[in-house]
Amino acid sequence: MDATGVAAILALAGIPVSVLLGRWQMHTALRQVEASHRTALEVAAANHRNVLEAAEAGHRNAMELVRKQEEAERARWLAEARRAEYRLLQNSLAQFRRTLLAPDPIVEDVLSAFDEVHESVHSIEAVGPEEIYHLAVRILVACRVPAVTFQLGRSPSLEDRERWWNQIRSLRHDFHDAVKGVLEGC
């Protein structure tokens, strides 16, 4: 065999080696691509988790802010409603006093003023607190005695009417002090 034959045999033997080397390089490249792909998927999944966690945290913070704003708005509304209802009871009591202590009280006026006190007390029940409502009920009970007396057609003396008003006035002062404490706490 001459050198050409040997070169041909070596060339033929080199083909499978080249093919094997090519396959080995191709498998290595595919493994690298697969590893890169897995790494990219893991990074994408981690980024997705991070974005979701950030979105959830932002949502929780926004919901907490909304809840706090709603609580503040409700507290503001309740304070305003309480002031209005407390003022209404005070005005109703002033009207009741005027009709009760008038020189010649008119039964219908006394009963009408009592009805206003009654309505005011029950409006206070809606806004509370319970302590204030109970004080208002005590005032209502005290106002009921003169109202019923007039309703029964009796004409109480000025002395009786002043005594009744003094009892109501004492309860009214307790109510006023309690209301002041509630409204200052708002």
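Only the coordinates and a few stated rules stand behind these numbers; no lab work does. Keep in mind the model is a prediction, meaning the values are calculated, not measured. Neighbour counts are summed over all protein chains in view; Cβ atoms, including those assigned to glycine, are modelled from backbone coordinates with ideal geometry.
Observations, loosely collected:
- Charge dipole (debye, nearest 20) of the chain; +1 at Cβ of Lys and Arg, -1 at Cβ of Asp and Glu: 380 debye
- Annotation for Arg49 and His122: the two label points, set 7 Å from Cα along the Cα-Cβ direction, are 6.2 nm apart.
- Listed residue (Ala54, Val127, Val179) projecting farthest to the positive dipole end of the chain, Cβ model: Ala54
- Rounded if a/c under 1.5, otherwise prolate or oblate - the stretch 81-185, Cα gyration tensor axes: prolate
- Note on the chain: dipole from Cβ charges, positive end direction compared against Trp77, Ala40, Phe150; the farthest Cα belongs to Ala40.
- Rounded to the nearest 0.05, the FRET efficiency derived from the C-beta distance between Ala75 and Arg138 at R0 = 22 Å is 0.25.
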